[in-house]
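Just below is one structure, and these are the notes that go with it.
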Amino acid sequence: MDIIKFGIEKGLYPYMEHKKGNRVRYFTEELKQTGEFPPYLMKQLQREKLAKLLKHCAEQVPAYEYLNTPQILAEIEADPEKVLRERVPLLGKQQFKADPESYIARDFPRDKLIKNITGGSTSEPLNFYMSRYQVEHYEAARFRGLSWNGISYGSRSIMVWGNQYELSAQAQKKIALKDLLLKNRRMISCFGLHRDQMGEYVELLNSYRPEFLYGYSGGLAAFAQLLKDYGPEKIKVRLKAVLATSETLFDWQREIIKEVFGCPVLGEYGARDAGILSFSCPCGHSHITAENAYFEILDPVSYEPVEPGTPGILAVTDLNAEAQPRLRWLLGDTLVMEPEERSAELSRECGIPLPILRKVEGREDAILLATDGSLVHGDIISAAARDRIRIKQARFIQHTPMTATLMLSGDVDEALGKEFIDQIKLRLGADMQIELQIVDDIPPLPSGKQRYALREFDLKEIRT
Ligand SMILES: [Zn+2]
């Protein structure tokens with residue numbers, strides 16, 4: 001028996017609920033129930049929560065004060081979705097940053113605001129506040145998703161993580177102990193991943209016997225790759241799942257993780273400033289947390305809703321935001337949702353009727369604009385780089401509709417660079433001015449991420 005799991009489930013959670021008013025378990029149980037709602041009932045629940053949120057914004061949030069008229073309040077009662085769509089502007093990071101204070105609800109106690117911070121991929125960090133109610137709903141969304149896959153609150157896990165690097169040895173020990181006792185979790189730092197340590201890690205897996213592994217897609221894939229070379233047959237533990245979080249999980253990463261650990265690979269899609277937005281079911285669908293988040297998928301140029309099944313940018317409204325609501329928040333990601341009928345069809349496999357996210361295409365600014373006005377996904381850059389093994393790193397930055405820079409590192413010469421450019425010009429247009437820079441190393445962006453493609457201008461601005 002796993003005594004720590006038993007302790008967490010029978011002792012720690014009830015204690016935190018009783019003493020600290022923690023309601024994660026309660027919200028998880030609630031989500032498990034609403035997660036079985038047929039689509040019409042889920043839509044009704046969303047409308048009710050949205051109406052409540054809009055009314056709260058109208059009455060308490062200075063930035064949304066203009067909604068506080070008898071006429072609009074009546075419209076909110078009648079059709080909150082229409083009010084959101086027609087009366088509330090989309091909210092981007094720059095606009096929010098101009099006056100974040102005006103988004104804080106007047107009736108929310110200042111000392112109960114939970115501060116959070118996020119780094120944009122190219123911009124400086126964003127500071128914002130959340131409420132405990134909101135955060136506990138995020139955690140509950142993750143626990144519900146795990147429960148679909150046979151994993152519960154106290155299940156033993158190993159986290160493959162990268163954040164420990166800057167911490168002192170003592171701080172790391174403290175976190176490790178807290179992790180072990182409170183979360184039944186051990187850590188493996190993906191900064192420290194090295195071939196020579198694989199024996200030690202396999203020993204840890206075999207003796208600790210976790211139910212699941214958890215971490216960034218990139219770190220998990222690197223770990224799986226090293227284990228594959230070391231000898232995956234030496235792993236004697238049968239995991240229930242590997243959970244990849246926080247970054248896009250590429251198909252090749254999913255495959256190698258699945259191959260090495262022989263278990264389902266779950267994906268979680270979310271963001272610090274939006275919560276856990278979707279979670280994989282055992283069939284591999286990515287089901288939206290529709291109770292927490294209201295999605296609008298919009299055309300990146302016109303900002304009009306797109307047809308379901310076609311890519312668009314996400315504007316998300318957190319239905320539990322009460323402290324500092326950000327309505328129609330432009331998260332910066334491009335998504336494809338399954339059309340309703342297709343979603344219903346797929347849901348028959350797993351019995352989970354929540355809407356299905358087909359694909360996260362990536363960052364909105366990874367969409368490039370061709371000179372003929374068509375939109376081209378930045379994947380063409382990573383695909384072109386993969387085809388040429390002499391290239392170590394590549395980054396394409398589109399400065400304006402007609403100009404761009406291509407950076408390449410590795411065993412690269414002018415001829416290879418030119419050939420690369422000729423290939424991408426087939427999609428972006430022969431008349432695009434692309435400057436080639438051959439460099440020793442391409443540094444990560446301020447967010448710490450490596451990106452293949454980046455567009456520096458707003459598509460909306462170039463609309464004619
Ligand atoms: Zn499913």
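Structural remarks
- Single unsatisfied condition, Pro325 versus (1) in a strand (DSSP E or B); (2) more than 16 Å from the ligand (Cβ to nearest atom): (1)
- Evaluation of Thr334 against the conditions (1) open to solvent by 40 Å² or more (accessible area, probe 1.4 Å); (2) free of Cβ contacts under 8 Å to residues at least 60 places away in the same chain; (3) among the hydroxyl-bearing types (Ser, Thr, Tyr) shows that the sole unmet condition is (1).
- When restricted to residues that are surrounded by 15 or more Cβ atoms within 10 Å (Cβ to Cβ) and either at pLDDT below 85 or over 30 Å from Leu298 (Cβ atoms) (or both), the range 426-451 contains 5.
- For the range 263-305, the candidate set comprises residues that are modelled with pLDDT of 95 or more and of a type in the set (Val, Ile, Thr); within that set, the residue that is farthest from the ligand (Cβ to nearest atom) is Ile297.
- Residues (of a type in the set (Ser, Thr, Tyr) and in a helix (DSSP H, G or I)) located in the range 46-75: Tyr64, Tyr66
- Residues in the range 220-238 that are touching a strand residue (DSSP E or B) at 6+ places or on another chain (Cβ under 9 Å) and open to solvent by less than 10 Å² (accessible area, probe 1.4 Å): Leu220, Ala221, Phe223, Ala224.
- Scanning the range 27-38 for residues that are over 11 Å from Ala141 (Cα atoms) and touching a residue at least 60 places away in the same chain (Cβ under 8 Å) turns up Thr34, Glu36, Phe37, Pro38.
- Scanning the range 346-361 for residues that are at negative phi, out of contact with any Cys (no Cβ under 8 Å at 6 or more places or on another chain) and open to solvent by 40 Å² or more (accessible area, probe 1.4 Å) yields Arg348, Pro355, Arg358, Lys359, Glu361.
- Candidate set: the range 362-373, residues that are open to solvent by 40 Å² or more (accessible area, probe 1.4 Å) and modelled with pLDDT of 80 or more; chosen: the one farthest from the ligand (Cβ to nearest atom): Thr371
- Each residue in the range 413-425 was checked for being over 23 Å from Leu459 (Cα atoms), in contact (Cβ under 8 Å) with a residue 24 or more places away in the chain and open to solvent by less than 20 Å² (accessible area, probe 1.4 Å), and 2 pass.
- On inspection, Ala141 fails the criterion of being assigned to a loop (DSSP other than H, G, I, E, B) and either touching a helix residue (DSSP H, G or I) at 6+ places or on another chain (Cβ under 8 Å) or touching a residue at least 40 places away in the same chain (Cβ under 8 Å) (or both).
- Flag if Ile356 is within 16 Å of the ligand (Cβ to nearest atom), under 24 Å from Val24 (Cβ atoms) and aliphatic (A, V, I, L, M): no
- Residues (open to solvent by 30 Å² or more (accessible area, probe 1.4 Å) and assigned to a loop (DSSP other than H, G, I, E, B)) located in the range 288-300: Asp299
- Being within 16 Å of the ligand (Cβ to nearest atom), polar (S, T, N, Q) and under 26 Å from Leu454 (Cα atoms) is a property that Ser347 lacks.
- Filter result for Gly410 (surrounded by fewer than 20 Cβ atoms within 10 Å (Cβ to Cβ), on the phi > 0 side of the Ramachandran plot and within 16 Å of the ligand (Cβ to nearest atom)): no
- Filtered residue count, the range 331-344, keeping only those that are in contact with a Phe, Trp or Tyr (Cβ under 9 Å, 6 or more places away or on another chain) and more than 16 Å from the ligand (Cβ to nearest atom): 2
- Any hit, the range 311-318, residues being within 16 Å of the ligand (Cβ to nearest atom), β-branched (Val, Ile, Thr) and not in a loop (DSSP other than H, G, I, E, B): no
- Note on the range 76-99: residues that are more than 26 Å from Asp299 (Cα to Cα) and either part of a helix (DSSP H, G or I) or among the β-branched types (Val, Ile, Thr) (or both) amount to 2.
The values are calculated or read from the model by the stated rules, or taken from the named source; none is laboratory data. Just so it is clear, the model here is predicted, and its values are computed rather than measured. With ideal geometry, Cβ positions are generated from the backbone for all residues, glycine too; neighbour counts draw on all protein chains shown. All accessible areas refer to the heavy atoms of the entire protein, side chains included, with ligands and DNA or RNA removed. Shrake-Rupley method; radii C 1.70, N 1.55, O 1.52, S 1.80 Å.
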